[in-house]
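Contents: one structure, followed by commentary.
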Amino acid sequence: LVVLGSLFIAAPALALPFVSFQVAGTVAGQSQEVALDVSGTINENFTGNSGIVMYGGEAGVGLPAGFHLFGHYYRHTNEFGEELVAGSGVDAFVDMAGNEWGLDLEWHMGLIPGSPLKPFIGAGGSWARVNLDGEVRFEGQKAALETETDVYRLYAVGGLKLGSAIGVSLRAGMALGEDDAAKAEYSLAGQTVAVSADYQGYFIAGSVSLGF
């Protein structure tokens, strides 16, 4: 009992190796290539590049040696169908909206030690799962776009912290993913309509954070 009592008393003193906790709001953008393939009495293939707008939040911990581990949620907004088939005479529309959940690991290096204003630079990488919940419309018919894919990102990061409470940061880098990712196929207006999207290209994000 004495031993158990000592363990229970000592347990609260076992400090986790967290330096800080942080939450953030983020707005981001990423390039995306969308493909729409139609086969049947109509045989057409449409491809084009667009930009996804993402917004959401992040929460995580600061670790020793300048490392930061956090999870994120971004909502994707991207309606690209009109540009994809412009001038073709085909009535089609693709909404690539979706939800993204991911994990990020970053390393930050402070540039002015001891200053209340703390600029920093660093690098990071992330993995994310994108679940699409948009819509495909073709010649007056429509279907829910329900598919998913993984996205990987490598980026540089820089920013400014005011003490340990408030900070702003900017990330810029590249996204990597599968070819013909998030592919789905439908039967619409007597045609077979296949949609896919490649999440490869630039990535940029700005965040405002609050530390504890």
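The values are calculated or read from the model by the stated rules, or taken from the named source; none is laboratory data. Bear in mind the structure is a predicted one, so any value in this text is a computation, not a measurement. Methodologically, a virtual Cβ is constructed for each residue, glycine included, from the backbone with ideal geometry; neighbour enumeration extends over all protein chains shown. What goes into the accessible areas is simple: the full protein's heavy atoms, side chains included, and nothing from ligands, DNA or RNA. Shrake-Rupley method; radii C 1.70, N 1.55, O 1.52, S 1.80 Å.
Here the contact order of the stretch 53-177, divided by its residue count and restricted to Cα pairs under 8 Å and six or more residues apart, works out to 19 percent.
Tally Lys/Arg at +1 and Asp/Glu at -1 over every other residue whose Cβ is under 12 Å from the Cβ of I204; what's the total?
Values: positive: R153, R171; negative: none.
In short, +2.
Summing Lys and Arg as +1 and Asp and Glu as -1 over all other residues whose Cβ lies under 13 Å from the Cβ of V27 gives a net charge of +1.
Averaged per residue, the chain has 52 square angstrom of accessible surface, using a 1.4 angstrom probe with ligands and nucleic acids left out. Classification of the stretch 39-153 by its C-alpha gyration tensor yields a prolate form. The axis ratio a/c (a ≥ b ≥ c) is 1.5 or more, and a/b outweighs b/c. For T147, the residues whose modelled amide H falls within less than 5 Å of its own, excluding neighbours fewer than 5 places apart on the same chain, are L132.
Calculate for the chain the 222 nm mean residue ellipticity that helices alone would give, adding -39,500 (n - 2.57) per DSSP H run of length 4 or more and normalising by residue count, nearest 500 deg cm²/dmol. Let's see the in-between values first.
Working: 2 runs with 13 residues, N = 212.
Computed mean residue ellipticity for the chain: -1500 deg cm²/dmol.
Between N49 and M109, the contour length at 0.36 nm per residue exceeds the alpha carbon distance by 18.1 nm. Based on Cα contacts under 8 Å between residues 6+ apart, the stretch 133-212 shows a relative contact order of 31 percent.
Counting only other residues whose beta carbon sits under 12 Å from that of N131, what net charge do I get with K and R as +1, D and E as -1?
Working: positive: R75, R129; negative: E100, D133, E146, E148, D150.
Residues close to N131 contribute a combined charge of -3.
For the stretch 100-212, carbon and sulfur atoms together expose 63% of the accessible surface, with a 1.4 angstrom probe and every protein chain in place.
In the chain, Cα pairs under 8 Å separated by at least six residues give a relative contact order of 22 percent. Using the Cβ-Cβ distance between L210 and W127 with R0 = 22 Å, the FRET efficiency computed as 1/(1 + (r/R0)^6) comes to roughly 0.35.
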